[in-house]
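The values are calculated or read from the model by the stated rules, or taken from the named source; none is laboratory data. Here the structure is a predicted model, which means the values were calculated and not measured. For neighbour counting, all protein chains shown are included, and Cβ atoms are generated from backbone atoms with ideal geometry for every residue, glycine included. Just the protein is used for accessible areas: all its heavy atoms, side chains included, with ligands, DNA and RNA removed. Shrake-Rupley method; radii C 1.70, N 1.55, O 1.52, S 1.80 Å.
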Amino acid sequence: DMPIVYTLTGHGESDLSVDMEDSVVNQNIEIQSLSLLTEGSVPDDCECLFILSPQSDITDSERDIIAEYLAGGGNMFLITDYVDENGLPNIESLMSSYGVELNDGIVIEGSQDYCLYGYVHYLMPSLSSHEITSPLLTGGYNVVLPISQGLTISDELRDGLTVTSLFETSDD
């Protein structure tokens, strides 16, 4: 009974890199693709729904299906890329309901301590202490995030909701 991670398809999502896929599989986790346009629901055996850099928005129906899955205790791993001025209103709506807002554009770092030397759009954020970041911190790794879209955590979270920032840039 290996846990299954489903990767959402149908919106120009990126494929998992070979390294990321190998890391997931090496943790004894199965990976399957999922089109909510044809399935109509998130499968009951879904341990986590991966949404990897969609280039177009999900539909209202897909948003509602994902919201129902999350409200029932489901997990989602979302990676975003900057898209044109039309944005991703349904994905942004999902994020907003969990206290996270997308910032327009990409992050340009003003502090040399938080970016790759000479490349202000290649971020080297500080890592918060968390079980997810523990292997990186323990191993002494730097994280480099090229051309990143900024996220802001809402000051007003609904009761019972906690949002933990794992990577942070400088105030500059």
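The residues of the chain expose, per residue, 62 Å² of accessible area to a 1.4 Å probe. Using the beta-carbon distance between ASP84 and ILE4 and R0 = 35 Å, what value does 1/(1 + (r/R0)^6) give for FRET efficiency, to the nearest 0.05? FRET efficiency, ASP84 to ILE4: 0.60.
Note on region 42-131: Kirkwood radius taken over Cα pairs, Stokes-Einstein applied at 4 °C and 1.567 mPa s, translational D equal to 85 µm² s⁻¹.
Quick check: from the Cα gyration tensor, does the chain come out rounded (a/c under 1.5), prolate or oblate? Prolate, because a/c is 1.5 or more and a/b exceeds b/c. Once the chain from GLU131 to GLU92 is taken as fully extended at 0.36 nm per residue, the excess over their C-alpha distance is 11.4 nm. Considering the zone a paramagnetic label at SER61 would reach in this model (a point 7 Å from Cα along the Cα-to-Cβ line), which residues of region 83-114 have amide N under 20 Å from it? Under 20 Å, as judged by backbone N against the label point of SER61, lie 89-94 of region 83-114. Could you please report the charge total around SER148, scoring K, R as +1 and D, E as -1 over all other residues with beta-carbon less than 10 angstrom from its beta-carbon? Its environment carries a net charge of -2. Distance between the pseudo-spin-label points of SER53 and ASN28 (7 Å out from Cα toward the beta carbon): 3.1 nm.
The order of the peptides 137-150, 48-61 by mean Cβ neighbours within 10 Å, most packed first, is 48-61, 137-150. Give the shape of region 1-65 as rounded, prolate or oblate, defined through the alpha-carbon gyration tensor: a ≥ b ≥ c are the square roots of its eigenvalues, a/c under 1.5 means rounded, and otherwise the shape is prolate if a/b is larger than b/c and oblate if not. Taking the square roots of the gyration eigenvalues as a ≥ b ≥ c, region 1-65 is oblate.
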